[in-house]
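Everything on this sheet refers to the single structure shown next.
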Ligand code: NAD
């Protein structure tokens, strides 16, 4: 049996569905429109923004990229976010991270209108996520959930272990997996002996940023393994999972590239469309 969870294929399928939906909105003169604010010249950010732009164009969403110099003041970025919040033509706002060190990202997140919070990083939307009553979800976590759904994987009563406790991946994914009735553990850099937990996992998610941290002997035979990591080594990408050896033990596994990455970008577009639809309904 094919062990690969094909994120690229699922993202392709979902983007086609979304494109059909957006076509309807465009016909009604309601094309979803969002802004990506990028501060400075981080090379990886440029790659990610290009990937988003390509996906937005393919689906029919209007993505406006606003490039700010790395010397821009925090007050200026806050003023820009407020202006975008107030603009009824704009359905979503996000700040591409990382931002330069002199910028307090938390203040930027606090400024974004929760109704336009594409990344689901405002305190209001994080709270709603943990309440299980949310209208937007963080793209990577939502992409992973949609992958599991497309493969009809039922997590009820299963042990899910996430390595990584970041606000953009590990923590929100834990909230969404709880909604799927999994029993969730979050591991991190201070966890003593990862294997004690990972070997119990029916679903193991690695979101760390350490090349091939997860080895075969850390994985329960038959587990589902999701690799979020993107690590560039000698001009090629590797994940946080030692794919070749773990594939022999796992039942299903995502590759890097072609796993979680494409799903994240597609899922981000879904969030934009959800926000646009919600704003339209509330007008
Ligand atoms: P982060 O640096 O914010 O968080 C990393 C987490 O890993 C931290 O919680 C830390 O405690 C934990 N950690 C670090 N070393 C560890 C160790 N040795 N053992 C256990 N835990 C350890 O990273 P992030 O933003 O969550 O991203 C994680 C990885 O996922 C990165 O490689 C990033 O590029 C990638 N990523 C991919 C996508 C995608 O779409 N595929 C999206 C977001 C992030």
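The values are calculated or read from the model by the stated rules, or taken from the named source; none is laboratory data. Here the structure is a predicted model, which is why all the values come from computation and not from measurement. Note: ideal-geometry Cβ built from the backbone for every residue, glycine included; neighbour counts use all protein chains shown.
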Filtering the range 214-246 down to residues that are more than 19 Å from residue 147 (Cα to Cα), out of contact with any strand residue (DSSP E or B) (no Cβ under 8 Å at 6 or more places or on another chain) and assigned to a loop (DSSP other than H, G, I, E, B), which residue is nearest to the ligand (Cβ to nearest atom)?
-> 215
If residue 155 satisfies every condition in (1) within 30 Å of residue 76 (Cβ to Cβ); (2) in contact with a strand residue (DSSP E or B) (Cβ under 9 Å, 6 or more places away or on another chain); (3) more than 14 Å from the ligand (Cβ to nearest atom) but one, which is the exception?
-> (1)
Could you say whether any residue in the range 112-129 is within 16 Å of the ligand (Cβ to nearest atom), buried (at least 24 other Cβ atoms within 10 Å of the Cβ), within 27 Å of residue 86 (Cβ to Cβ) and without any contact (Cβ under 8 Å) to a residue 40 or more places away in the chain?
-> no
In the range 130-147, which residue that is assigned to a helix (DSSP H, G or I) and touching a strand residue (DSSP E or B) at 6+ places or on another chain (Cβ under 9 Å) is nearest to the ligand (Cβ to nearest atom)?
-> 144
Residue check: is residue 70 in contact with a strand residue (DSSP E or B) (Cβ under 9 Å, 6 or more places away or on another chain) and surrounded by 21 or more Cβ atoms within 10 Å (Cβ to Cβ)?
-> no
Only unsatisfied item for residue 249, checking (1) surrounded by 16 or more Cβ atoms within 10 Å (Cβ to Cβ); (2) closer than 28 Å to residue 114 by Cα; (3) more than 14 Å from the ligand (Cβ to nearest atom), is (2)
Determine if the range 187-198 includes at least one residue that is surrounded by 15 or more Cβ atoms within 10 Å (Cβ to Cβ), under 21 Å from the mean Cα position of the chain (by Cα) and modelled with pLDDT of 95 or more.
-> yes
Scan the range 24-41 residue by residue and report those that are farther than 14 Å from residue 56 by Cβ and surrounded by fewer than 19 Cβ atoms within 10 Å (Cβ to Cβ).
-> 24, 27, 28, 29, 30, 40, 41
Would you call residue 18 under 20 Å from residue 277 (Cβ atoms) and not in a strand (DSSP E or B)?
-> yes
Within the range 26-41, can you find the residues that are over 15 Å from residue 264 (Cβ atoms), in contact (Cβ under 8 Å) with a residue 60 or more places away in the chain, touching a helix residue (DSSP H, G or I) at 6+ places or on another chain (Cβ under 7 Å) and not in a loop (DSSP other than H, G, I, E, B)?
-> 34, 39
Could you tell me which of the residues 276, 174, 201 is part of a loop (DSSP other than H, G, I, E, B), more than 9 Å from the ligand (Cβ to nearest atom) and buried (at least 20 other Cβ atoms within 10 Å of the Cβ)?
-> 201
Which is crowded, with 18+ Cβ neighbours inside 10 Å and either in a helix (DSSP H, G or I) or at negative phi (or both), of 44, 56?
-> 56
